[in-house]
There are 2 protein chains.
Amino acid sequence: MSDKTVIEYLSAHGIKPSVQRIAVMRYLMEHLTHPSVEDIYAALHDDIPTLSKTTVYNTLKLLVEQGAVMMITIDERTTKYDADCSRHAHFLCSACNSIADIALPEDAPSHTLPRNFVLHNTQIYYRGLCPECAARQQNT
Amino acid sequence: MSDKTVIEYLSAHGIKPSVQRIAVMRYLMEHLTHPSVEDIYAALHDDIPTLSKTTVYNTLKLLVEQGAVMMITIDERTTKYDADCSRHAHFLCSACNSIADIALPEDAPSHTLPRNFVLHNTQIYYRGLCPECAARQQNT
DNA sequence: ACAAGAATTTGTAATTGTTATAATTTTGTT
DNA sequence: AACAAAATTATAACAATTACAAATTCTTGT
């Protein structure tokens, strides 16, 4: 993915681009695998040896605040991040801890909250067994 | 709430009652405020001075496994617990970090997952501003 | 182009939430 | 009462995150 694409996306969300921010954002855009801070840091450290983990934390905080990425808290151990901000749910497998994207029906009614709540975002989390682990458990 | 009520609830979920388990479960049943381990430990420590925080962790793990309470991961900092296992959503206020229960419409369609996923439970999380904090921000 | 100031990044240390482990206590069974 | 199994406890270890201050990089006015 080109720098230009990433920079435009950042700017569209009111974020001034920097080498580090571009790298983190690009990583998220190219890896829709719900990476953790650790994942991102480990992957980028090769290219940018001076990168600090604090910067990854700071950058992700900023990206989330500006609505450029989604924070996923389905795994209670670590926060995961997702550059795909479109309407979809997440499934966490209790056996292998993988997170899968789950499409939501188009016609599902939009959420209505009691008066005076200001809604910023909605997340739908499922827990259970992914197809692989469900099959594995059958054979036991 | 009587010991008997709590013991029956635990037994119904296949959990052998003990002083500590009853205390934790009762606390959750009487405080539907989504407490954290810390909250529960602090509250029970007065009555049971020998109580260990590890026991609170162990007990909650067991309660969740047996489906007696729900684990709430909407707040990325700490896991919260909820004895109300009925179908409802949670709203986290980004300003004051309070968690509110939100009723879901009765007629909402049940979730359909792709084939072969085994679903254990579903959580719906909203983030935004609670009525109090929304009002406060207006006045600024 | 350059100095001053603001913003960003960095490295380290501190903090917090949680888990591992092994010893101790309690419970249940003969 | 004696033994085994289960539960609890205390401590230490661990992992994720935040606080903080110094260093670096960017921006802007002259």
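The residue of the stretch A:14-54 that is farthest from the other protein chains (Cβ to nearest Cβ), among those that are in contact (Cβ under 8 Å) with a residue 24 or more places away in the chain and within 9 Å of DNA strand D (Cβ to nearest atom), is A:Val19. Restricting attention to the stretch A:89-140, the residues being more than 19 Å from A:Glu76 (Cβ to Cβ), more than 8 Å from chain B (Cβ to nearest Cβ) and assigned to a loop (DSSP other than H, G, I, E, B) number 6. In the stretch A:119-133, the count of residues that are touching a Leu at 6+ places or on another chain (Cβ under 6 Å) and free of Cβ contacts under 8 Å to residues at least 24 places away in the same chain is one or more. Among the residues of the stretch B:29-57 satisfying the criterion of being surrounded by 13 or more Cβ atoms within 10 Å (Cβ to Cβ) and near DNA strand C (Cβ under 8 Å from one of its atoms), which is nearest to B:Lys16 (Cα to Cα)? Among those residues, the one meeting the criterion is B:Tyr57. Do the conditions hold for B:Asp84, that is, is it touching a residue at least 24 places away in the same chain (Cβ under 8 Å), outside any helix (DSSP H, G or I), closer than 16 Å to B:Tyr125 by Cβ and more than 10 Å from DNA strand C (Cβ to nearest atom)? So B:Asp84 passes the test.
Read the figures in this text as sums done on the coordinates, not as results from a lab. What you see is a predicted model, and the numbers here were worked out from it, not measured in a lab. Because the Cβ atoms are built from the backbone with ideal geometry, glycine has one as well, and the counts that use them run over all protein chains shown.
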